[in-house]
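Asker: This is the structure I have questions about; it appears just below.
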Amino acid sequence: MSAPSTLPGPIMRHRPFALFWSARVMSSVAFQMMSVAIGWQIYSITHSAYALGLVGLAQFVPMCVLTLVVGHVADRYDRRTIAFVCQGIEGLAAITLCVGAWHGLQSPALIYAIATITGAARAFESPSMAALLPNLVPRTQLQHATTWSTSANQTAQILGPAMGGLLYGLGASSVYGVVACAFVAAAVFVASIRIDEAVRMRAPLSFEALFSGIAFIRRKPVILGALSLDLFAVLLGGATALLPVFAHDILHTGPWALGVMRAAPAAGALAGSIWLAHFPLKQRAGTALFGGVIVFGIATILFGLSRNLYVSLVALAALGASDVISVVVRTSLVQLQTPDEMRGRVGAINSLFIGTSNQLGEFESGMTAGLFGAVPAVLIGGVGTIAVALLWMRLFPSLRATQSLEG
């Protein structure tokens, strides 16, 4: 892949990256809208919280099962083609749900099947898109590009659920129709990206090749430290899973406040992304990573202690803003220290770490809250996050000493 040493003008004026960012926004917004619509639809049919849990499981299992395979595929074939095909499949899944809802065919079995198919497609799409990013910009501007890419996800987490909820008022078919159009738009954006990618050697598929991503991460203490730090920090700091409890029983507010509280971390993260886009980390990136995780823990504790809605919103926004520092530093380090021919496999493991930490973090918070109560659960999580950050500073000194994210 040939790329200029610098980009001419602001990064969003660079056509390949602008198309990539637009595809990321459209695909992420569509997935968030689809998740909200599926959740509401399955609950309206079954009136069962257990059924809601099965939807999440249906989307998560394919990612776990396919992790090693999808990474290998992303390293053997054109990543744009993989993303294009996956977004097309997701669009067809949304069309299927749209037609089913329009004709009153609202079978839980069909919804679970579509959720599984969508989860499998996302399992292939996510590492392919992540591995594609470094091919679009020079290494010196990868942090800037990563920051804007992260902002795409945060924008989706704010807009997607809200748009899905509003459109659902017009009927489930309305949501799924818009979702299908968004996935098609994402596919068109990806297909329009023009870059000169290097031809990759297609090594024979083998047991060793499948597990080479894990072996690579184990040999790189900076990458291992960054990924495992994020895993345990999110695993312990899953306060957002308990927001309904805090809104109803502790802050004594209504569902409107729950919606605002759910949006607060994403809003804080988006603000943090914009800040980093204008003031990127020039040095002491490792220190910034650990500092962000510690602030994440402090914000979690503040939220657990708060009895005022506005203080809680500030704590949640700070939680999201500090988390984005970890995301940008971790993603930039992984991309910079991973050769192009390995980025798909390493990206797949990274996606699994993030998915696992989110899912298990919600489970951990729920179990701890059941044993000790919601407030102690959040406080334990915040203290645990800080403790992990301090321990990881000792276990991974090379990560703490990392200076630049500019290659």
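The values are calculated or read from the model by the stated rules, or taken from the named source; none is laboratory data. Note that this is a predicted model, so its numbers are computed, not measured. FYI the Cβ positions are ideal-geometry reconstructions off the backbone, even for glycines, and counts take in every protein chain you see.
Asker: Just for the stretch 150-191: of the residues that are exposed (fewer than 15 other Cβ atoms within 10 Å of the Cβ) and either touching a Cys at 6+ places or on another chain (Cβ under 8 Å) or not hydrophobic (A, V, I, L, M, F, W, C) (or both), which one is modelled with the highest pLDDT?
Answerer: Among those residues, the one meeting the criterion is Gly171.
Asker: From the set of residues in the stretch 1-44 that are among the small types (Gly, Ala, Ser), within 19 Å of Thr96 (Cα to Cα) and at pLDDT below 85, which is nearest to the chain's Cα centre (by Cα)?
Answerer: The residue in question is Ser35.
Asker: Tell me which of these Ala277 doesn't satisfy, since it passes every other one: (1) surrounded by 18 or more Cβ atoms within 10 Å (Cβ to Cβ); (2) out of contact with any His (no Cβ under 9 Å at 6 or more places or on another chain); (3) modelled with pLDDT under 90.
Answerer: In the conditions (1) surrounded by 18 or more Cβ atoms within 10 Å (Cβ to Cβ); (2) out of contact with any His (no Cβ under 9 Å at 6 or more places or on another chain); (3) modelled with pLDDT under 90, Ala277 misses (2) alone.
Asker: Which one of these is in a helix (DSSP H, G or I) and more than 22 Å from the chain's Cα centre (by Cα): Ala145, Ala115, Ala109?
Answerer: Exactly one of Ala145, Ala115, Ala109 is in a helix (DSSP H, G or I) and more than 22 Å from the chain's Cα centre (by Cα), namely Ala109.
Asker: List every residue pair whose Cβ atoms sit under 8 Å apart, with the two residues 6 or more apart in sequence or on different chains, where the first one lies in the stretch 58-76 and is under 22 Å from Ser35 (Cα atoms) and in the same structural domain as Met342 (by TED's automatic domain parsing) and the second, anywhere, is part of a helix (DSSP H, G or I) and of a type outside the set (S, T, N, Q).
Answerer: none
Asker: Turning to a different aspect of this structure: Would you pick out the residues in the stretch 342-392 that are at pLDDT 70 or above and of a type in the set (D, E, K, R)?
Answerer: Within the stretch 342-392, Arg343, Arg345 qualify.
Asker: Further question on the same structure: Given (1) at pLDDT 80 or above; (2) touching a helix residue (DSSP H, G or I) at 6+ places or on another chain (Cβ under 7 Å); (3) not in a helix (DSSP H, G or I), where does Gly225 come up short, assuming only one miss?
Answerer: Tallying (1) at pLDDT 80 or above; (2) touching a helix residue (DSSP H, G or I) at 6+ places or on another chain (Cβ under 7 Å); (3) not in a helix (DSSP H, G or I), Gly225 fails exactly one: (3).
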